[in-house]
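Below: the structure, in structure tokens.
The values are calculated or read from the model by the stated rules, or taken from the named source; none is laboratory data. All values derive from a computational prediction rather than experimental measurement. A quick note on method: Cβ atoms are made from the backbone with ideal geometry, for glycine too, and the neighbour counts reach across all protein chains shown. Surface areas here come from the heavy atoms of the whole protein model, side chains and all, with no ligands, DNA or RNA. Shrake-Rupley method; radii C 1.70, N 1.55, O 1.52, S 1.80 Å.
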Amino acid sequence: MANPMKSNEPFDLRLPTPGCYLDPEKAGMDSDAVFQGMTAHLFYTLGKLATSASPHDLYMALSYAVKDRLMTRYLASQEVIRKKPQKTVAYLSAEFLIGPQLSNNLLNLGITQEAEDALKRFGIESLSTILEVEEEPGLGNGGLGRLAACYMESLASLQVPAVGYGIRYEFGIFNQLIRDGWQVEVTDKWLKGGWPWELPQPDESCFVGFGGRTESYRDDKGNYRSRWIPSEHAIGVPHDVPVLGYRVNTCDRLRLWRADATESFDFYAFNIGDYYGAVEEKVASETLSKVLYPNDGTDEGRRLRLKQQHFFVSCSLQDMLRSLEKRSIPITEFPKHWTVQLNDTHPAIAVAELMRLLIDQYQIGWEKAWNITTSSVAYTNHTLLPEALEKWDLGLFNDLLPRHLEIIYEINWRFLQQLRLRYPGDDKILQKLSIIDEEGFKSVRMAHLATIGAHHINGVAALHSDLIKRQLMPEFAALWPEKFTNVTNGVTPRRWVALSNPSLSNLLEEEVGPNWITNMELLKKLEEKKDDNNFLEKFEETKLNGKRKLSSFVHSKTGILVDPSSLFDVQVKRIHQYKRQHLNALQIIAQYLRIKNGTNKFEVPRTIIFGGKAAPGYFMAKLMIRFINGIADVVNSDPDMDGLLRVVFLPDYNVKLGEIVYPATDLSEQISTAGKEASGTGNMKFAMNGALTIGTLDGANVELRDLVKKENFFLFGKTESEIMDLKNNNYSPKTFINQCPELKEVLRLIEIGHFSNGDKELFKPLLNSLTGHDPFFVMADFEDYLNKQDVVSECWNNKKAWNKMALLNTARSGYFSSDRSIREYCESIWKVSPMPVEITCDVEELTN
Ligand code: 26V
């Protein structure tokens, strides 16, 4: 990364209102000050007496006390950028799965122990009882949203000025219950107890239009221009969440927009007596940020989804432009001050919206506006699945965003002209690359809009970026090779090791010192210990601690007793056919059969744990959950399985549960069909925490295996090109079934209803899919997978060898720190540098 700028003027806490910022109760970092802060918040903010405070009250009081301490750094960070403007990252994402905030903020501030001590004075013995009370905001579906959260944390930790822009959904991803083996969705009311981490900023609200029509007019200079007259409006009210870096003063901001009704319109309706009309409009505009849509590819709520996207993108761009105005910076200097990253195509409308704002609002000419747009926007692609690539029906688009469609037509026309020059007479390529898909129902291809409007397009793992260039967009890649690049995903070691795995963290600190948390490459030093029995035992003990914790969690949630000394074999992620939880399930049946028949070679007790949500409209994924639970019922109630096999489906997998699962895992299941998983990030969290991976050559598994070395990774399955070959040569799952008697027997058992109380119909759709088309090549990979599971069992029987492999996984997975990913984005795509924030009156001084 470029040299940090050293010479920022420090932020003097004593400046504006002496006494206010200096209040030790609000800024002091020792346990007394935290205690005082909590007491004051209990009394004044929450209206509670310390003597009758519930755990939730204490959680709120502690959180407010912590937020006070964040504010110092948050305001200091804003002051620094105001005084000395510097390029800021705008990370646009429809999802931010930030997880619980209290523990993370305590860690990053460095006052976890102080908080624990303060709580003791309220009679609370362990901080964890208070942390458990926190509701997590589930503002994301899975990997993409969690990645955005890891990236925000790394940006702040690397002292890079950044704003994450998104939506403050009132209901996040649904909560999952399991009833009779089926998934049941329950609305996620994460705000019900009050959420202390946000700061509503109504004075910075923005107007957003929808619908209506455009009209052309002549401006003062006689030029024809277009004007948009929307028929509807909404107001975006920013709710800011401070994002503090690890042990630094940089505190970035997550700015989430909540949709509000436009009062002026209400009042107009009130005045003419249309009370219900006014209320309806109010309800409609507030519905905009009501709920996060699960990604299920259904047509459900499509209109509202597009509205949500335009809503948050428009507010965010207006906010960025306004920040320039406030500092009297010419709008044409936008790219010097903002670098706008599109997290997938959900915010891709930004290309058209920025053009619209520049041209219609700021009267900037097309060429200049295009130059500004393409110099500031970059796009990350997160999937190759055709059904997941966003397209909007042209009619719907025109209806909601008529001016944007005009602009898109113009962008497209100019782009196609460029193509015509390069490929004269080649209409095919024009059709293929056009932003408008003319086949069938006409639609707007958001990935094309993003690719044409961005200066860089990146995939999220080496293989994935390569497939973007070779398969998804070969013509675009040929046209603009310099635009296409890779940034392999990463995860923050603060949450995924330091917070979630204190036992391992302590050992790492003893061994390599405390700096591994910000420099994961230091963990390489652990390699020296790979043959040190004493150390390996200590390492194993940290794992056992995690497994004990997960065991009691499993028992409390499901009633199932699991043995912490058994091999914990885990697959947690969204439920999807391409992720192939059913492959794992079939393998369990094979193991079950072997035990029943007395043909199991290895007496390895295994606990196989699943977790993950299925999109509510995704029938097959929901059936997969039912299937796993059907198997679990049979296995767990059969005395022959005692001490050998347990199957658990953990309901409601989320960030909080992930923190319990990753440290407790021996074997990480990363078994997607090669070429389908863009990266995966769970694979990284598991490896850092010393789990071994059984996996295919897919997504970031490829890089993981290269890094930890092939002898420390259980590889199986067809490669991406072998899968392509099968596909192109009339793949027949039957061929593979016929070659594998064990697989045949497994399928027969399902067919006769062994896992569905004799019901032969229940799992038929699943069986038919596997034995019919088998779109994700489960049958093709089954035998290799089963054999590799034997190798796993054999390895487990040599505990020392296993521990050595596990240690090497931790030691060599530093590359997957999101700090590394963010550094790459900063250097090669965003061209931004760190901006340290200094505070002259160190808060330490206050209490000493
Ligand atoms: C969306 C949809 C919508 C239609 C139905 C099927 C379907 C399947 C997947 C998706 C998700 C697309 C975007 C996404 O979440 N990608 C994930 O991004 C992670 C962070 O880069 C990455 O680790 C995962 O491999 C990738 O699936």
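When restricted to residues that are in a helix (DSSP H, G or I) and either open to solvent by 60 Å² or more (accessible area, probe 1.4 Å) or without any contact (Cβ under 8 Å) to a residue 40 or more places away in the chain (or both), the stretch 773-790 contains 3.
From the set of residues in the stretch 459-502 that are closer than 16 Å to G658 by Cβ and of a type in the set (A, V, I, L, M, F, W, C), which is surrounded by the fewest Cβ atoms within 10 Å (Cβ to Cβ)? Step by step, filter the stretch 459-502, then rank; the result is L499.
In the condition set (1) at pLDDT below 80; (2) touching a strand residue (DSSP E or B) at 6+ places or on another chain (Cβ under 9 Å); (3) part of a helix (DSSP H, G or I), L13 is compliant with all but (3).
Condition check for A687 on (1) closer than 19 Å to H576 by Cβ; (2) surrounded by 23 or more Cβ atoms within 10 Å (Cβ to Cβ); (3) hydrophobic (A, V, I, L, M, F, W, C); (4) away from the ligand (no atom under 12 Å from the Cβ): one failure, at (1).
Only a single item in (1) away from the ligand (no atom under 14 Å from the Cβ); (2) closer than 20 Å to V497 by Cα; (3) buried (at least 24 other Cβ atoms within 10 Å of the Cβ) is not met by G717, and it is number (2).
Based on what the data block shows, is F782 modelled with pLDDT of 95 or more, under 33 Å from the mean Cα position of the chain (by Cα) and on the phi > 0 side of the Ramachandran plot? No: the conditions fail for F782. For E537, the conditions (1) more than 28 Å from L697 (Cα to Cα); (2) outside any helix (DSSP H, G or I); (3) touching a helix residue (DSSP H, G or I) at 6+ places or on another chain (Cβ under 8 Å) all hold with the exception of (2). Beta carbons closer than 8 Å, at least 6 apart along the sequence or on distinct chains, pair a first residue in the stretch 301-316 that is within 18 Å of M355 (Cα to Cα) with a second that is assigned to a loop (DSSP other than H, G, I, E, B) and open to solvent by 10 Å² or more (accessible area, probe 1.4 Å) for Q309/A94; Q309/H346; F312/A94. Restricting the first member to the stretch 743-772 and to residues that are free of Cβ contacts under 8 Å to residues at least 24 places away in the same chain, and the second to residues that are in a helix (DSSP H, G or I) and of a type in the set (V, I, T), the beta-carbon pairs closer than 8 Å and six or more apart or on different chains are K744/I737; L767/I750.
For the stretch 520-574, the candidate set comprises residues that are in contact with a Phe, Trp or Tyr (Cβ under 9 Å, 6 or more places away or on another chain), among the hydrophobic types (A, V, I, L, M, F, W, C) and closer than 13 Å to I609 by Cα; within that set, the residue that is farthest from the ligand (Cβ to nearest atom) is V562. Looking only at residues in the stretch 182-208 that are touching a residue at least 24 places away in the same chain (Cβ under 8 Å) and part of a strand (DSSP E or B), which one is surrounded by the most Cβ atoms within 10 Å (Cβ to Cβ)? Top of the filtered list is Q183. Residues of the stretch 591-621 being assigned to a helix (DSSP H, G or I), in contact (Cβ under 8 Å) with a residue 40 or more places away in the chain and either open to solvent by 40 Å² or more (accessible area, probe 1.4 Å) or touching a Gly at 6+ places or on another chain (Cβ under 6 Å) (or both), which ones? Of everything in the stretch 591-621, those that are assigned to a helix (DSSP H, G or I), in contact (Cβ under 8 Å) with a residue 40 or more places away in the chain and either open to solvent by 40 Å² or more (accessible area, probe 1.4 Å) or touching a Gly at 6+ places or on another chain (Cβ under 6 Å) (or both) turn out to be K596, F619.
Of all residues in the stretch 660-672, at least one satisfies being within 16 Å of the ligand (Cβ to nearest atom), part of a helix (DSSP H, G or I), open to solvent by less than 10 Å² (accessible area, probe 1.4 Å) and touching a Lys or Arg at 6+ places or on another chain (Cβ under 7 Å).
Residue-level analysis places T72 outside the set of residues that are among the β-branched types (V, I, T) and either open to solvent by 50 Å² or more (accessible area, probe 1.4 Å) or not in a helix (DSSP H, G or I) (or both). Output yes when any residue across the stretch 216-226 is on the phi < 0 side of the Ramachandran plot, of a type in the set (D, E, K, R) and either surrounded by 18 or more Cβ atoms within 10 Å (Cβ to Cβ) or modelled with pLDDT of 95 or more (or both), and no when none is. Checked against the condition, which is being on the phi < 0 side of the Ramachandran plot, of a type in the set (D, E, K, R) and either surrounded by 18 or more Cβ atoms within 10 Å (Cβ to Cβ) or modelled with pLDDT of 95 or more (or both), the stretch 216-226 yields no hits at all. Taking the stretch 391-404 as the range and being within 16 Å of the ligand (Cβ to nearest atom) and either of a type in the set (G, A, S) or open to solvent by 30 Å² or more (accessible area, probe 1.4 Å) (or both) as the test, the residues that pass are K391, D393.
For every residue, the table says whether it meets (1) of a type outside the set (D, E, K, R); (2) buried (at least 24 other Cβ atoms within 10 Å of the Cβ); (3) in contact with a Phe, Trp or Tyr (Cβ under 8 Å, 6 or more places away or on another chain); (4) free of Cβ contacts under 8 Å to residues at least 60 places away in the same chain.
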site: D652; (1), (2), (3), (4): no, no, no, no
site: A678; (1), (2), (3), (4): yes, yes, no, no
site: N683; (1), (2), (3), (4): yes, yes, no, yes
site: D698; (1), (2), (3), (4): no, yes, no, no
site: E703; (1), (2), (3), (4): no, no, yes, no
site: D706; (1), (2), (3), (4): no, no, no, yes
site: K710; (1), (2), (3), (4): no, no, no, yes
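Among the residues of the stretch 723-740, not a single one is open to solvent by 20 Å² or more (accessible area, probe 1.4 Å), within 16 Å of the ligand (Cβ to nearest atom) and of a type outside the set (F, W, Y).
Candidates in the stretch 337-352 are the residues that are farther than 23 Å from Y409 by Cβ and open to solvent by less than 10 Å² (accessible area, probe 1.4 Å); of these, the one that is farthest from the ligand (Cβ to nearest atom) is T339. Residues that are farther than 22 Å from E232 by Cα, open to solvent by 20 Å² or more (accessible area, probe 1.4 Å) and in contact with a strand residue (DSSP E or B) (Cβ under 8 Å, 6 or more places away or on another chain) do occur in the stretch 373-386. The residues of the stretch 570-580 that are farther than 13 Å from L650 by Cβ and either out of contact with any Lys or Arg (no Cβ under 8 Å at 6 or more places or on another chain) or in a strand (DSSP E or B) (or both), listed by number, are H576, Q577, R580.
For every residue, the table says whether it meets (1) within 16 Å of the ligand (Cβ to nearest atom); (2) under 29 Å from Q113 (Cβ atoms); (3) open to solvent by 10 Å² or more (accessible area, probe 1.4 Å); (4) out of contact with any Cys (no Cβ under 8 Å at 6 or more places or on another chain).
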residue	(1), (2), (3), (4)
E125	no, yes, yes, yes
S128	no, yes, yes, yes
E135	no, yes, yes, yes
G142	yes, no, yes, yes
G145	yes, no, no, yes
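When A115, A156, A90 are checked against the criterion of being within 30 Å of S52 (Cβ to Cβ), open to solvent by less than 10 Å² (accessible area, probe 1.4 Å) and at pLDDT 95 or above, a single residue qualifies: A115. Among the residues of the stretch 390-415, those identified as under 15 Å from A450 (Cα atoms) and in contact with a Ser or Thr (Cβ under 7 Å, 6 or more places away or on another chain) are E390, K391, W392, N412.
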